[in-house]
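**Student:** Right, I'll just put the structure down here and ask away after.
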Amino acid sequence: MRSLLACRLLAIAFCLSAATPAFAQLSTLRITEAMSQSGTAPTFTADWWEVTNFGSSAVDLTGWKMDDNSFDSTRAVALNGVSSIGAGESVVFLETASPLTDIPNFRSFWGGSAATAAIGSYTGSGVSLSSTGDGIVLFNSGSAEATPRVTFGAATLGSSFYYQYAANGDPTTSPNTSAVVSTVGTVNGQVTYLSATSATQNIGSPGTAINAVPEPSTVALGSIGLAILAARAARRSKAAA
């Protein structure tokens with residue numbers, strides 16, 4: 001009986017460890033929101049996207065770059081203004097060559113968590129997010145893809161797209177998660193909100209990711225615990241024999 005229990009525990013531990021995580025070769029960062037067509041009356045903001053750290057430690061962004069749906073490191077442009085992303089933190093990047101002006105305007109435009117979130121910038125040829133559909137990926141300092149690719153379709157004027165992930169950073173749908181258009185109200189316990197100063201009611205939540213609950217060690221700890229229990233059961237079985 002004990003031998004059978006040990007085998008079952010070991011099998012469960014193996015399955016859990018094999019399933020954790022699906023993106024082991026990537027960083028713990030995920031693209032969690034994107035805006036490709038801001039409302040424009042009486043003001044507007046540039047294209048922007050949000051990236052969230054689902055890990056338990058900070059990620060250094062030195063030398064990192066982004067590209068749109070060409071997903072090509074040779075065409076990627078540098079990320080500026082944010083040197084690292086802390087565990088559980090959501091950071092916003094604007095497409096702008098004038099960050100000293102546009103970042104304060106963005107904070108005022110959105111209010112909410114955007115007023116205090118870390119905001120960086122990027123600029124360059126060929127990386128503007130198209131309102132007819134596009135994508136985003138990040139590359140690390142070695143030019144390797146460091147986040148799962150995300151894509152989105154035609155924009156709804158003034159509404160962002162958001163992406164949902166499990167607590168360990170795995171997508172909740174496949175492939176690459178599905179882009180969801182932000183709407184007013186509560187989404188999975190978190191509220192999307194209107195921009196503070198626009199006649200066109202821009203909707204989104206820059207600086208606050210949906211389902212951004214970093215607990216990457218939970219399954220790994222469970223696997224270790226099961227392995228320990230299995231080993232103990234095996235030793236007891238041998239002693240009883």
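Read-outs throughout are calculated quantities, based only on the coordinates presented, and are distinct from any laboratory measurement. Bear in mind that the values here come from a model prediction, so they are computed numbers and not experimental data. Using ideal geometry, Cβ is built from the backbone for each residue, glycine included, and neighbour counts are taken over all protein chains shown.
**Student:** Before anything else, pin down the relative contact order of segment 25-215: Cα pairs under 8 Å, at least 6 apart, normalised by residue count, whole percent.
**Tutor:** After rounding, I find 29 percent.
**Student:** What is the set of long-range amide H partners of Asp47 at a cut-off below 5 Å, with H atoms built 1.01 Å from backbone N?
**Tutor:** Residues meeting the amide H criterion: Glu95.
**Student:** Kindly identify segment 25-215 as rounded, prolate or oblate by the Cα gyration tensor criterion: order the square roots of the eigenvalues as a ≥ b ≥ c, call it rounded if a/c is under 1.5, otherwise compare a/b with b/c, prolate if a/b is larger, else oblate.
**Tutor:** Rounded, since a/c falls under 1.5.
**Student:** Let me ask something else about it. Let a ≥ b ≥ c be the square roots of the eigenvalues of the Cα gyration tensor of segment 35-148; is it rounded (a/c under 1.5), or, if not, prolate (a/b larger than b/c) or oblate?
**Tutor:** Oblate is the answer for segment 35-148, as a/c is 1.5 or above yet b/c matches or exceeds a/b.
**Student:** Here's another thing I want to ask about it. Sorting check: for 116-122, 55-61, which peptide has the highest mean count of neighbouring beta carbons within 10 Å, and how do the rest follow?
**Tutor:** Those peptides, ordered most packed to least, come out 116-122, 55-61.
**Student:** Can I ask one more? Rounded, prolate or oblate for segment 87-129? Axes are the square roots of the Cα gyration tensor eigenvalues, ordered a ≥ b ≥ c, and the cut-off for rounded is a/c under 1.5.
**Tutor:** Taking the square roots of the gyration eigenvalues as a ≥ b ≥ c, segment 87-129 is oblate.
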